[in-house]
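Below: the structure, in structure tokens.
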Amino acid sequence: MADFKVDFSDSFLSELTDCQFEMIAEPALEAAAPVLEKSMKNAARAVVQHEGESEMVNSIKAGKPVKTKTDAYIVTVGPKGNSKNKYKKKKEKYPVSNALKGVWMEYGINAPGHHQAPRPFIEKAKNDAKEKALEKMQEVYDGMTK
């Protein structure tokens, strides 16, 4: 759900150090991901209005860093799994993903018969985590290049 980008060229990093970018990217993201996970949980918890949303907050987890087809390294942090509560639509009950609950909180719901004002938390989480996440990545970089 949160997008956190740090862009610099592979050649610049390789010239700066004797270390390859691939050797630093994964450990740096592994160190920074828990910072964003904690920040997202705190920011989401601040906008929770009822108990069912707490389940979504507790499901926020950081994934493992992965290399994409375009050679970018990413880590996903967001709600995982389905809600334990089922939501009734017509006569049937359906599970709702925690990610969808997060979207509802972030952007609100404006559908016939349903209205929920947006309660954004992602931007705050990203801004709150940015400095500390960069520090964590810098620590990894310093440790591997010295």
Filter region 44-73 down to residues that are closer than 19 Å to Ala133 by Cβ and in contact with a Pro (Cβ under 9 Å, 6 or more places away or on another chain), then give me how many there are.
6
Give just the number: which of (1) over 30 Å from Glu22 (Cβ atoms); (2) surrounded by fewer than 17 Cβ atoms within 10 Å (Cβ to Cβ); (3) among the β-branched types (Val, Ile, Thr) does Thr70 not satisfy?
(1)
Return yes when Glu135 is within 30 Å of Glu22 (Cβ to Cβ) and modelled with pLDDT of 85 or more and no when it is not.
yes
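Using the structure shown, decide if Pro118 is surrounded by 12 or more Cβ atoms within 10 Å (Cβ to Cβ) and outside any helix (DSSP H, G or I). If you could, list the steps in order and put the result at the bottom.
Values: surrounded by 12 or more Cβ atoms within 10 Å (Cβ to Cβ): yes; outside any helix (DSSP H, G or I): yes.
In short, yes.
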Is it true that Lys101 is over 14 Å from the mean Cα position of the chain (by Cα), at pLDDT 95 or above and not β-branched (Val, Ile, Thr)?
no
Report, by residue number, each residue of region 121-146 that is part of a helix (DSSP H, G or I) and either crowded, with 17+ Cβ neighbours inside 10 Å or in contact with a Gly (Cβ under 8 Å, 6 or more places away or on another chain) (or both).
Ile122, Ala125, Lys126, Asp128, Ala129, Ala133, Lys136, Met137, Val140, Tyr141
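Those residues that are more than 30 Å from Ile24 (Cβ to Cβ) and either touching a residue at least 24 places away in the same chain (Cβ under 8 Å) or touching a helix residue (DSSP H, G or I) at 6+ places or on another chain (Cβ under 7 Å) (or both), I need them from region 60-92; list them, please.
Initially, region 60-92 is screened for residues more than 30 Å from Ile24 (Cβ to Cβ), giving 81-92.
Of everything in region 60-92, those that are more than 30 Å from Ile24 (Cβ to Cβ) and either touching a residue at least 24 places away in the same chain (Cβ under 8 Å) or touching a helix residue (DSSP H, G or I) at 6+ places or on another chain (Cβ under 7 Å) (or both) turn out to be Gly81, Asn82, Ser83, Lys84, Asn85.
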Can you tell me which residue within region 95-104, out of those that are part of a helix (DSSP H, G or I) and among the aliphatic types (A, V, I, L, M), is farthest from Glu55 (Cα to Cα)?
Val103
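Could you tell me how many of the residues in region 104-128 are in contact (Cβ under 8 Å) with a residue 40 or more places away in the chain and β-branched (Val, Ile, Thr)? Talk me through it step by step, then tell me what you get.
Initially, region 104-128 is screened for residues in contact (Cβ under 8 Å) with a residue 40 or more places away in the chain, giving 105-106, 119-122, 124-126, 128.
After this cut, where a residue has to be β-branched (Val, Ile, Thr) as well, the list is 122.
Count: 1.
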Residue hits (region 84-94; assigned to a strand (DSSP E or B), over 22 Å from the mean Cα position of the chain (by Cα) and exposed (fewer than 12 other Cβ atoms within 10 Å of the Cβ)) are Lys88, Lys89, Glu92, Lys93, Tyr94
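The values are calculated or read from the model by the stated rules, or taken from the named source; none is laboratory data. Please read these numbers as outputs of a predicted model, since none were measured by experiment. Here the Cβ is made from the backbone with ideal geometry for all residues, glycine too, and neighbour counts use every protein chain on show.
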